[in-house]
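The values are calculated or read from the model by the stated rules, or taken from the named source; none is laboratory data. What you see is a predicted model; the values in this text were computed from it and never measured. Here the Cβ positions follow ideal geometry from the backbone for every residue, glycine too, while neighbour counts run over all protein chains shown.
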Amino acid sequence: AHRQHWIAVAGDEVVGGASLGVYATLDDMHQPEAYHGVGLVTPGPVAGPDRLVVRADWRGRYVVQRLLDAQETAARAAGAVITARQASRMLRPILLRRGWREHGPAPHDARFGGEQFTVMSLDLTAR
């Protein structure tokens, strides 16, 4: 697996960031049980976008869209056939507008308190 990272900078301030790993199979991703638990089955390679964060005062300024564009472009360039992630309540509607598919709830992750994540994927062969 290899991982790429991006940062969004405005002037001399970091306002966002994201990363992407590309894996041979779903089993190689972080928390594969989340994907198997909702019945997601796919051949590899699989892209695992992660760590998408944007500073609160920069939300709504297309920073999220640009970081998602970078993740999806890199996933395609790496030859991934699908990209899968666990999306927060805030990210879910953005991904749906971009053509992502919901598969079901991800297992609870104590690191994020009461946040409920949804397993989502994007077929990279469809575009």
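Figure legend. Inter-residue proximity from the range 101-119: first residues touching a residue at least 12 places away in the same chain (Cβ under 8 Å) and closer than 18 Å to residue 41 by Cβ, second residues surrounded by 14 or more Cβ atoms within 10 Å (Cβ to Cβ) and of a type in the set (Phe, Trp, Tyr), beta-carbon distance below 9 Å, spacing 6+ or different chains. Indicated pairs: 103/35; 105/117; 106/35; 106/117; 107/117; 119/35. Are any residues in the range 108-127 surrounded by 11 or more Cβ atoms within 10 Å (Cβ to Cβ) and part of a helix (DSSP H, G or I), and if so, which ones? Result: 112, single match. Have a look at 35, 62 and point out the one that is at positive phi and of a type in the set (Ser, Thr, Tyr). Selected residue: 62, the only one of 35, 62 that is at positive phi and of a type in the set (Ser, Thr, Tyr). Report yes if some residue within the range 99-118 is at pLDDT 95 or above and under 18 Å from residue 3 (Cα atoms); otherwise report no. No, there is no match, as no residue in the range 99-118 is at pLDDT 95 or above and under 18 Å from residue 3 (Cα atoms).
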